[in-house]
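Participant: Take a look at the following structure, please.
The values are calculated or read from the model by the stated rules, or taken from the named source; none is laboratory data. Here the structure is a predicted model, which means the values were calculated and not measured. Here Cβ is always computed from backbone atoms with ideal geometry, including for glycine, and neighbour counts include all displayed protein chains.
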Amino acid sequence: MAVTENIVIKAAEIIKKSRKTLVLTGAGISTESGIPDYRSKGTGLWEKYDPTRKASLSALMCNPKEFYEFNLPRWSTYIDAKPNIAHRVLALMEEHGLIEGIITQNIDGLHIKAGSKRVWEVHGHLRTCHCMECGKSYPFVELKEQYEMGINPPRCKKCSGMLRPDVVLFEDPMGKDYYSALEALRGCDLLIVVGSSLQVYPVADMPRYAKKLIIINREPTPWDPKAALVSHSSAGEFFTKLAKALNLE
Ligand code: NAD
Ligand code: ZN
């Protein structure tokens, strides 16, 4: 659906009035950077396979070779992706004091690449990996290099333990960013949700901590009926217009 001037002006007003605004983003904010999401109709990865089986802790433990064959080439493409206009406008909004920070489910690191400072990556990131035996940390590229040399699963150089990425897999406990994000949500006036189907728990429950909600998502979400404003539109188009309405340069 196209983004009308009315809806953007209304969103800008709500944002300017709010004393404490946070943003919650999902895979949908990065589709315009060329990274497929899970649940979009027609293009979402979910239509081809079940991510809860392919990107899960049990997949890694039971069949690490297959886990890496499936996930590593896909994740490697995320590393080369560039932030889009929605990521960039959100970074500007933080710079102008309009938002306090971004809680993201994405592992692609695009908010940080766009210049956002306060980012809670509640499902981890692709900058590092670590040894499951001795805990030694390596840059993510270690996984890629070993995999490309035919070492699958990649191994720790110190103890030969298996390496794993620092992402939160299905069945993993949530990491410290998730708990800091919950802290940050205390007293939140407004939560702006961008590009999330709000179906992956526990993050899908976060909207209940905010007094007001704005939702920008191409498809309906379970939280739409509770939101002050909903835009079923592209995040890129919405944030291009919002930047103008907020006079951000
Ligand atoms: P999701 O796939 O469940 O939902 C994405 C939503 O975004 C969909 O409802 C879709 O309609 C909407 N959407 C797609 N493109 C859009 C656009 N350009 N503008 C506005 N809306 C758009 O995603 P989710 O809620 O984040 O949950 C999926 C899980 O998958 C998360 O845990 C995330 O960690 C992981 N994931 C991450 C990436 C990434 O890092 N970029 C990519 C795929 C999956
Ligand atoms: Zn080790």
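Participant: Answer with yes or no whether residue 164 is part of a strand (DSSP E or B) and surrounded by 20 or more Cβ atoms within 10 Å (Cβ to Cβ).
Facilitator: Yes, satisfied.
Participant: Here is a follow-up. For residue 200, only one of the following conditions fails: (1) assigned to a loop (DSSP other than H, G, I, E, B); (2) within 25 Å of residue 80 (Cα to Cα); (3) in contact with a His (Cβ under 9 Å, 6 or more places away or on another chain). What is its number?
Facilitator: Evaluating residue 200 over (1) assigned to a loop (DSSP other than H, G, I, E, B); (2) within 25 Å of residue 80 (Cα to Cα); (3) in contact with a His (Cβ under 9 Å, 6 or more places away or on another chain) leaves (2) as the failure.
Participant: Separate question: Could you list, in sequence order, the residues of segment 204-220 that are closer than 22 Å to residue 31 by Cα and surrounded by fewer than 21 Cβ atoms within 10 Å (Cβ to Cβ)?
Facilitator: Answer for segment 204-220, where residues must be closer than 22 Å to residue 31 by Cα and surrounded by fewer than 21 Cβ atoms within 10 Å (Cβ to Cβ): 204, 218, 219, 220.
Participant: Continuing with this model, one more query. Being away from ligand 2 (no atom under 16 Å from the Cβ) and part of a strand (DSSP E or B) is the filter; apply it to segment 125-161 and report the residue that is nearest to residue 70 (Cα to Cα).
Facilitator: 126
Participant: Let me ask you something else. Kindly indicate whether any position in segment 87-100 is surrounded by 20 or more Cβ atoms within 10 Å (Cβ to Cβ), within 16 Å of ligand 2 (Cβ to nearest atom) and either modelled with pLDDT of 95 or more or assigned by TED's automatic domain parsing to the domain that holds residue 55 (or both).
Facilitator: no
Participant: Out of segment 55-86, which residues are of a type in the set (S, T, N, Q) and either surrounded by 15 or more Cβ atoms within 10 Å (Cβ to Cβ) or part of a helix (DSSP H, G or I) (or both)?
Facilitator: Result: 56, 58, 71, 76, 77, 84.
Participant: Might you check whether a residue that is without any contact (Cβ under 8 Å) to a residue 12 or more places away in the chain and on the phi > 0 side of the Ramachandran plot occurs anywhere in segment 93-100?
Facilitator: The answer is yes, given that some residue of segment 93-100 is without any contact (Cβ under 8 Å) to a residue 12 or more places away in the chain and on the phi > 0 side of the Ramachandran plot.
Participant: Please find, within segment 106-124, the residue that is nearest to ligand 1 (Cβ to nearest atom) out of those that are farther than 18 Å from residue 34 by Cβ, assigned to a loop (DSSP other than H, G, I, E, B) and not hydrophobic (A, V, I, L, M, F, W, C).
Facilitator: Once the filter is applied, the top-ranked residue is 123.
Participant: Six or more apart or on different chains, Cβ under 7 Å: which pairs go from a residue in segment 232-249 that's assigned by TED's automatic domain parsing to the domain that holds residue 220 to one that's acidic (Asp, Glu) and at pLDDT 95 or above? Could you list them?
Facilitator: 232/219; 234/32; 235/32; 236/32
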